[in-house]
Amino acid sequence: MKTSLLLVSLALLLTASSGIAGPLPPEACCACLESLGAQTAQLPASPVPALFCRLVTSQAEQLAFAARCDAIHGAGLCLSQTANAGLQDNLDCRALLAEEQILCPSAVPAPTASQPVLALIVAALVGVGAWATRRRRRGARA
């Protein structure tokens, strides 16, 4: 989580400092990219599909984005509009990220289960299977 948070913070700092020296922009478009070994905060040279994209408008959303991206072993990257573009209520993240060769998924991704939830599902299925096997053996004896 620390790596993704560092990458997101670094990307926000770089994009904010390139436009204007001051506070971080209120809105940023973030993309979680597949992590291929070395993680860098550099923009890709060729089109890269993102695992997911999100508009981040607060520090809490930035932390949630970094945690979600880290949970799926991705590398977070955030971009913002230049300071002279001003605050926009309709920031088009797909278009902004597409300009930087990052392709956001078109559909909402299916929810995924974490490892503890998967372990509980496996344990429940093993329990149901053992119960059904025992019940079947009892029925065969009678």
Checklist line | Restricting the stretch 74-104 to residues that are surrounded by fewer than 13 Cβ atoms within 10 Å (Cβ to Cβ) and modelled with pLDDT of 85 or more, the residue that is farthest from PRO47 (Cα to Cα) | finding: ALA95
Note to self: Anything in the stretch 6-65 that is closer than 14 Å to ILE102 by Cα, hydrophobic (A, V, I, L, M, F, W, C), within 18 Å of the chain's Cα centre (by Cα) and at pLDDT below 80? List them, or say none.
What the structure shows: ALA41, LEU43
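Conditions tested, residue by residue: (1) assigned to a helix (DSSP H, G or I); (2) surrounded by 10 or more Cβ atoms within 10 Å (Cβ to Cβ); (3) under 29 Å from the mean Cα position of the chain (by Cα).
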position: ALA107; (1), (2), (3): no, no, yes
position: ALA113; (1), (2), (3): no, yes, yes
position: LEU118; (1), (2), (3): yes, yes, yes
position: ALA123; (1), (2), (3): yes, yes, yes
position: VAL126; (1), (2), (3): yes, yes, no
Item checked: Pairs where the first residue, in the stretch 59-74, is in a helix (DSSP H, G or I) and the second is loosely packed, with under 14 Cβ neighbours inside 10 Å, C-beta under 6 Å, 6+ apart -> ALA67/MET1; ASP70/MET1
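The values are calculated or read from the model by the stated rules, or taken from the named source; none is laboratory data. The model shown is predicted, which means the values in this text are computed figures rather than measured ones. When we count neighbours, we look across all protein chains shown, and the Cβ atoms used for this are built from the backbone with ideal geometry, even at glycine.
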